[in-house]
Amino acid sequence: MERGILGSRGAVQILGSKTGAAMSCGKTTSTSFTCSTKHELNLHVNVKPLQLATDGSSRLAYKTPVLKNQWNLSASSSSANVVTTFDDDKGVPSSFAEEKIGVLLLNLGGPETLDDVQPFLFNLFADPDIIRLPRLFRFLQRPLAKLISTFRAPKSKEGYASIGGGSPLRKITDEQANALKIALEKKKLNANIYVGMRYWYPFTEEAIDQIKKDNISKLVVLPLYPQYSISTSGSSIRVLQNVVKEDSYFSGLPISIIESWYQRDGYVKSMADLIEKELSAFSNPEEVMIFFSAHGVPLTYVQDAGDPYRDQMEDCISLIMGELRSRGILNGHTLAYQSRVGPVQWLKPYTDEVLVELGQNGVKSLLAVPVSFVSEHIETLEEIDMEYKELALESGIENWGRVPALGCTSTFISDLADAVVEALPSASALGTRKPEDTDSSMDLMHYLTKMFFGSILAFILLLSPRLVSAFRNTML
């Protein structure tokens, strides 16, 4: 994305002084949402994964040969497997008190007004990690993004209008940043907290500029995605990677990147707490089917690009259900993937199809759990709470509930603070190196070209009614 697209309208969220916000944000109930369109991040494209490597033991939980052969940032990440906690009264090592610590929270971003929807979509589809074009066709990146965003904007505006005229994601993320600062202060760590959004204000690039202006001496990067995907955490981290390659300050700045953190005890127990609470609202809690719905990605992300997202998601569900079983909660559960668009195959099973099947099989009570989201946004507020709820009730399910996103749940925020503290010792200056040539690269251009034309066809099929109408109007 070129900076000319971004502008500088939004203020970067910086929390560098003590505040008094309470540990609660984006609170919802399982029955109070009425919204109406799907999130815009769903589009079949070929993507090139970003892999981070480290000197120590902290690495992505799952690696494939494809991932290992891509661009690397060395000495960068802290382990998602580390679950050591720090008592609040003990604080952190005194050496950190002499450092100027920064924490960069990464998130997707979302349009704050209806006028923001089309430019937000443009930024989204202009991301080469969302639409990955062969080098020969890179000149089409921006025109294609303009075309798609123009055609999708009217429908998307309807969705955002139904949830109040804009996305609540920035507000909730700012509240999470504030809560995280307070939690770190309780652990005797003063840190500046920065919020960087990938596709809307405040942009990741703006946060990075502010970090440099503040002369931060050590930085922890924390994507607010529990599981790693090349289209979410990977895309945001790529922005940082590009800066490191060009900026001497950042190339020498000790940075620790927490790539995924779904394995952490604090996250798992916080999710189990929310599920247990919502189950208690049913008249017969033991009969409720626990229905995990995760954001989907095209199957090619996993099979061809080596995205670890599916493996991490399945592992995440196993950990949460293990925690529930340890509490004597033995309900059945299932996992499905939502938000697919276009004619291509996405991760299966699909949420809508599974809901129908469960209803046909006699399931009467269901608790939906949005497992890949820690903040309320259009995919939870509309897609789950309206579309999927309606579909479930039409399919024979009689009792519906939904677990709210974690938001600023105190146990969750406290565990994120622990993750930050644990990541600090592994912070090291980042370096870059080019990938080694491999046999698999011989077929890369052929594969990318095939996926490019397949993606164009998918876009045409997806947008064909409006596209045909536009062409007809032009010809008449």
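The values are calculated or read from the model by the stated rules, or taken from the named source; none is laboratory data. It should be emphasised that the depicted structure is a prediction, and the values quoted were computed from it without experimental measurement. Neighbour counts are summed over all protein chains in view; Cβ atoms, including those assigned to glycine, are modelled from backbone coordinates with ideal geometry. Calculation scope for accessible area: heavy atoms of the full protein, side chains included, ligands and nucleic acids excluded. Shrake-Rupley method; radii C 1.70, N 1.55, O 1.52, S 1.80 Å.
Quick look at the values:
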read-out: Cross-chain or 6+ apart pairs with Cβ under 7 Å, region 385-406 first and more than 17 Å from V371 (Cβ to Cβ) and free of Cβ contacts under 8 Å to residues at least 60 places away in the same chain, then charged (D, E, K, R) and surrounded by fewer than 21 Cβ atoms within 10 Å (Cβ to Cβ); value: L391/D352; I397/K364; E398/K364
read-out: Any pair with Cβ under 6 angstrom, 6 or more apart, that starts in region 221-242 at a residue that is assigned by the TED database to the domain that holds L106 and ends at one that is in a loop (DSSP other than H, G, I, E, B) and of a type in the set (G, A, S); value: Q227/S260; Y228/S260
read-out: Yes/no for L253 being among the aliphatic types (A, V, I, L, M) and open to solvent by 30 Å² or more (accessible area, probe 1.4 Å); value: no
read-out: Qualifying residue in region 224-233 (condition: among the aliphatic types (A, V, I, L, M) and under 15 Å from V371 (Cα atoms)); value: yes
read-out: Qualifying residue in region 307-324 (condition: open to solvent by 40 Å² or more (accessible area, probe 1.4 Å) and in contact with a strand residue (DSSP E or B) (Cβ under 6 Å, 6 or more places away or on another chain)); value: no
read-out: Residues of region 195-205 satisfying the condition of being more than 20 Å from D115 (Cβ to Cβ), open to solvent by less than 20 Å² (accessible area, probe 1.4 Å) and out of contact with any Asp or Glu (no Cβ under 9 Å at 6 or more places or on another chain); value: T204
read-out: Candidates E353, E387 - the one that is under 27 Å from L224 (Cα atoms), among the acidic types (D, E) and open to solvent by 10 Å² or more (accessible area, probe 1.4 Å); value: E387
read-out: Looking only at region 356-369, and only at residues there that are among the aliphatic types (A, V, I, L, M) and assigned to a helix (DSSP H, G or I), the one that is surrounded by the fewest Cβ atoms within 10 Å (Cβ to Cβ); value: V356
read-out: Enumeration of residues in region 168-185 that are closer than 15 Å to G110 by Cβ and open to solvent by 20 Å² or more (accessible area, probe 1.4 Å); value: P168, R170, K171, D174, E175
read-out: Test: E376 is in contact (Cβ under 8 Å) with a residue 60 or more places away in the chain and under 25 Å from E158 (Cα atoms); value: yes
read-out: Residue count, region 126-164 (criterion: loosely packed, with under 15 Cβ neighbours inside 10 Å and assigned to a loop (DSSP other than H, G, I, E, B)); value: 1
read-out: Residues (modelled with pLDDT of 85 or more and among the β-branched types (V, I, T)) located in region 113-134; value: T113, V117
read-out: Complete set of residues in region 325-337 that are open to solvent by less than 20 Å² (accessible area, probe 1.4 Å) and in contact with a helix residue (DSSP H, G or I) (Cβ under 6 Å, 6 or more places away or on another chain); value: A336
